[in-house]
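The structure appears right after this line, and notes come after that.
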Amino acid sequence: MSQVKKTITKSDFIKLLIEVSPEIKPQITGLESPTRLWRYDKGDERYYFEFIGTDAIPYLSVTEFTKKSLPTSPFLIQWIASHGTEVARHVANCTAAYGTLLHKEITMLCRAGQVDFDELAQRAIDEAIDAGYNYKALSWASEIVKDVAGFLVFAEEKELEVIGSEIAISSRKHGLAGCVDLPCRIKFGKGKVNALIDLKSGRKGFWPEHELQLLAYKEIWNDLFSEVFEVTHVFNWSPTDWRKKPTYKLQNQTDSKFATSVIRRMEMAKLEGWIDPPRAHMEIKGVATLGKFNFEDHKILSTIAKKPLEI
């Protein structure tokens with residue numbers, strides 16, 4: 001088998017992607033995403049694509065934008081140095097897996113309106129084992145019950161009205177895209193506000209990138225939907241390690257120090273070419289023989305894009 005290089009077609013490219021759709025459809029007419037988006041994970045980076053004809057228009061994910069925009073936390077650098085790269089990566093992956101579980105369970109709760117704590121604990125055990133974190137199974141079962149209980153208290157105290165979940169938004173102007181965890185209305189101050197809430201599973205507080213992420217979401221959201229559901233506030237929510245009574249953290253990020261610079265940062269990202277989508281996709285095909293293996297004979301390199309398309 002000789003090496004094959006081909007230009008990937010739209011239909012082939014879409015097979016490499018995951019189409020983004022809301023977990024809870026918008027409860028207000030007019031909040032449907034104006035574009036169909038597909039997600040592509042490239043190593044530790046994430047991109048979104050929109051198709052116009054055969055052209056794939058790339059977007060950098062908002063989370064990647066925040067990582068590139070801000071310096072790595074010195075606390076994170078110190079933590080990695082103290083644990084070693086491999087251990088740190090394992091812990092980070094395990095933490096991310098639990099965060100995905102918590103997000104899924106909160107979405108299920110918002111959709112169904114109720115939760116069975118016994119079944120919830122069992123699902124956490126199953127998820128931990130399936131993900132390869134057997135030693136975390138009982139811990140996840142205990143944590144997920146407490147964390148969802150905290151969300152229930154939050155929903156009641158703040159009179160939560162869910163508008164949708166995982167709503168995809170994109171901005172050609174800035175070349176950014178992402179999915180908003182929880183557009184909603186909540187009690188805040190003397191009344192109720194239209195808000196975007198980003199759910200975090202960590203119990204050690206919020207970081208600058210969390211603030212910038214929410215403010216970028218707010219700018220893109222209001223560019224798209226201000227006439228239908230203009231967002232005035234953005235919050236981070238996370239569980240706490242409570243003992244006697246369910247509690248939670250809710251951080252108002254609306255007046256963050258990044259509020260005055262977020263648009264300039266978004267403009268800089270596009271100006272400096274941070275939108276750098278994958279150029280090719282590699283597959284390994286054919287029958288290989290022990291002792292006579294030539295990798296180049298089995299590699300199929302599919303060109304995705306020669307350069308980022310103008311947005």
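Odds and ends about this structure:
- Residue in segment 72-92 that is hydroxyl-bearing (Ser, Thr, Tyr), assigned to a helix (DSSP H, G or I) and at pLDDT below 95 present: yes
- Condition broken by SER201, with the remaining ones in (1) surrounded by fewer than 23 Cβ atoms within 10 Å (Cβ to Cβ); (2) closer than 21 Å to THR107 by Cβ; (3) modelled with pLDDT of 95 or more satisfied: (3)
- Looking only at residues in segment 264-301 that are under 23 Å from ASP41 (Cβ atoms) and assigned to a helix (DSSP H, G or I), the one that is modelled with the lowest pLDDT is LYS270.
- Qualifying residue in segment 208-230 (condition: modelled with pLDDT of 95 or more, in contact with a helix residue (DSSP H, G or I) (Cβ under 6 Å, 6 or more places away or on another chain), over 28 Å from ALA97 (Cβ atoms) and crowded, with 22+ Cβ neighbours inside 10 Å): no
- Taking first residues from segment 180-192 that are without any contact (Cβ under 8 Å) to a residue 60 or more places away in the chain and within 19 Å of GLU23 (Cβ to Cβ) and partners that are assigned to a strand (DSSP E or B) and among the acidic types (Asp, Glu), the Cβ contacts under 7 Å between residues at least 6 apart in sequence or on separate chains come to CYS184/GLU161; ARG185/GLU161.
- Hits in segment 1-31 - residues which are under 23 Å from ILE167 (Cβ atoms) and either modelled with pLDDT under 90 or surrounded by fewer than 12 Cβ atoms within 10 Å (Cβ to Cβ) (or both): ILE14, LEU17, ILE18, GLU19, THR29, GLY30
- Failed item, numbered, when TRP242 is tested on (1) surrounded by fewer than 19 Cβ atoms within 10 Å (Cβ to Cβ); (2) without any contact (Cβ under 8 Å) to a residue 40 or more places away in the chain: (2)
- Residues of segment 36-69 classified as over 14 Å from the mean Cα position of the chain (by Cα) and either of a type in the set (Gly, Ala, Ser) or part of a loop (DSSP other than H, G, I, E, B) (or both), total: 6
- Residue in segment 158-166 that is in contact with a Ser or Thr (Cβ under 6 Å, 6 or more places away or on another chain) and either more than 22 Å from TYR248 (Cβ to Cβ) or crowded, with 19+ Cβ neighbours inside 10 Å (or both) present: yes
- Annotation: of all residues in segment 32-50 being farther than 17 Å from SER165 by Cα and of a type in the set (D, E, K, R), the one that is modelled with the highest pLDDT is GLU50.
The values are calculated or read from the model by the stated rules, or taken from the named source; none is laboratory data. Computed from a prediction, not measured in an experiment: that's the story for all the values here. For neighbour counting, all protein chains shown are included, and Cβ atoms are generated from backbone atoms with ideal geometry for every residue, glycine included.
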